[in-house]
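What follows is a set of notes on a single structure, which appears directly below.
The values are calculated or read from the model by the stated rules, or taken from the named source; none is laboratory data. The shown structure was predicted, so the numbers you read here are calculated from the model rather than taken from an experiment. We place every Cβ from the backbone using ideal geometry, glycine too, and count neighbours over all the protein chains shown.
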């Protein structure tokens, strides 16, 4: 259930974090996935898109992912990631995605230290951009857009900026507050669009 009461922590000035963040809706992401399914290396590329969206990893973090970095935690799954500045962190991974990654590793005979995606950032960018174009997505598509999309979806569902900060590995709350500002801007527009001025037009007709 969505938590729409997103209240910023006291002392943060939203105007400083205020640039609106671009992101993809889940239905746009799954539209891209459907485009990839029938293509060469479709399963591999679908897993990359799902991993970027459902874990919020940076592209460099995703491309370094190996089977041994998938671990069990508290009844679910986590990924052991080395992020910016060589800082280790644990990132939650949906069970269905973790199981698909493990099944793919088994099917492809990957060793525990083998990378799931054995190409570089430039090739990843090309795959993602082309998939977005073929899916008919008019937004500019690039790997980091899926990280933004994961952040927006998690914040929309949980309403917890601090937990999101830890999930993404941000050293400060500033970027996290940009996601919050984006949702608040959307909420404000939605609320204001519900304001009715029917009585004015009724009086004019009378």
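Of the residues in the stretch 67-97, how many are surrounded by 15 or more Cβ atoms within 10 Å (Cβ to Cβ) and either at positive phi or over 20 Å from the mean Cα position of the chain (by Cα) (or both)?
Total satisfying the criteria: 1.
Give the residues of the stretch 117-134 that are farther than 16 Å from residue 33 by Cβ and surrounded by 13 or more Cβ atoms within 10 Å (Cβ to Cβ), sorted by residue number.
Result: 119, 121, 125.
Tell me, please, whether a residue that is in a loop (DSSP other than H, G, I, E, B), at pLDDT 95 or above and in contact with a helix residue (DSSP H, G or I) (Cβ under 7 Å, 6 or more places away or on another chain) can be found in the stretch 24-31.
yes
Please find, among 152, 141, 137, the residue that is surrounded by 12 or more Cβ atoms within 10 Å (Cβ to Cβ), under 14 Å from the mean Cα position of the chain (by Cα) and in a loop (DSSP other than H, G, I, E, B).
On the way: 152 fails: in a loop (DSSP other than H, G, I, E, B); 137 fails: under 14 Å from the mean Cα position of the chain (by Cα).
141 is the lone residue from the list that is surrounded by 12 or more Cβ atoms within 10 Å (Cβ to Cβ), under 14 Å from the mean Cα position of the chain (by Cα) and in a loop (DSSP other than H, G, I, E, B).
Could you look through the stretch 166-181, keep only residues that are over 15 Å from the mean Cα position of the chain (by Cα) and buried (at least 20 other Cβ atoms within 10 Å of the Cβ), and pick out the one that is farthest from residue 23 (Cα to Cα)?
Looking at the filtered set, the residue picked out is 177.
Do we find a residue being out of contact with any strand residue (DSSP E or B) (no Cβ under 9 Å at 6 or more places or on another chain), loosely packed, with under 12 Cβ neighbours inside 10 Å and outside any strand (DSSP E or B) anywhere in the stretch 38-50?
yes
Report the residue count in the stretch 79-129 for those that are under 14 Å from residue 43 (Cα atoms), assigned to a loop (DSSP other than H, G, I, E, B) and in contact with a helix residue (DSSP H, G or I) (Cβ under 6 Å, 6 or more places away or on another chain).
The qualifying residues number 1.
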